[in-house]
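Written below as structure tokens is the structure these notes are about.
The values are calculated or read from the model by the stated rules, or taken from the named source; none is laboratory data. Treat the numbers as computed from the prediction; the structure is a model and nothing was measured. Virtual Cβ from ideal backbone geometry, glycine too; neighbours counted across all protein chains shown. The area values use the complete protein model at the heavy-atom level, side chains included, leaving out ligands, DNA and RNA. Shrake-Rupley method; radii C 1.70, N 1.55, O 1.52, S 1.80 Å.
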Amino acid sequence: MANQAGKSERVFKTAWFSKAARKAHIPDDELCAAIQQVVLGQAYDLGGGVFKKRLSRNLYRSIIVAKGGRYWIYAYLFAKQDRANIEDDELAGFRQLAGLYARKTEDDIAKEMQCKELMEICHD
């Protein structure tokens, strides 16, 4: 997947998110389409590299952390009926997680994929 500037973008989901999305019947192709909308600004920017995006006909909310527009990582999923939003302390934690991913190298990402902590779901 390439952004408007032609740079390559990679999209991942965490192992936890993968299980939650499977239970919610949210397929990877929907996640990939949603990231394209995030790139176009069609998501809530929560600051600090954290975004909230609606999924599955507005039934679920996902929390996505980004690394400079090159990596997008689906980190958390919740049902709209279960909770209205994440708490301030959770947002602070997701911002820390975004900062952590901002410092990761390609090798770090590859290691996380190898041990199945991250799964790549769409890219070129």
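Summary of computed values
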item	result
Hits in region 60-88 - residues which are outside any strand (DSSP E or B) and within 14 Å of L46 (Cα to Cα)	N85, I86, E87, D88
Qualifying residue in region 76-90 (condition: crowded, with 16+ Cβ neighbours inside 10 Å, of a type outside the set (S, T, Y) and over 16 Å from V11 (Cβ atoms))	yes
Residue satisfying all of: in region 56-75; open to solvent by less than 10 Å² (accessible area, probe 1.4 Å) and at pLDDT 95 or above; farthest from F17 (Cα to Cα) among these	V65
Residue ID - surrounded by the fewest Cβ atoms within 10 Å (Cβ to Cβ), chosen from residues in region 30-43 that are at pLDDT below 95 and not hydrophobic (A, V, I, L, M, F, W, C)	G41
Checking D107 against (1) under 17 Å from the mean Cα position of the chain (by Cα); (2) acidic (D, E); (3) more than 19 Å from C32 (Cα to Cα), the condition it does not meet	(1)
Filtered residues of region 18-76 (kept if at positive phi, free of Cβ contacts under 8 Å to residues at least 60 places away in the same chain and not hydroxyl-bearing (S, T, Y))	H25, G41, G47, G48, G49, R57, N58, G68
Verdict on K80 being within 11 Å of the chain's Cα centre (by Cα) and farther than 26 Å from E106 by Cβ	no
Single match in G93, G41, G99 (criterion: part of a loop (DSSP other than H, G, I, E, B) and not β-branched (V, I, T))	G41
Single condition C122 does not satisfy, out of (1) at negative phi; (2) open to solvent by less than 100 Å² (accessible area, probe 1.4 Å); (3) modelled with pLDDT of 90 or more; (4) of a type outside the set (K, R)	(3)
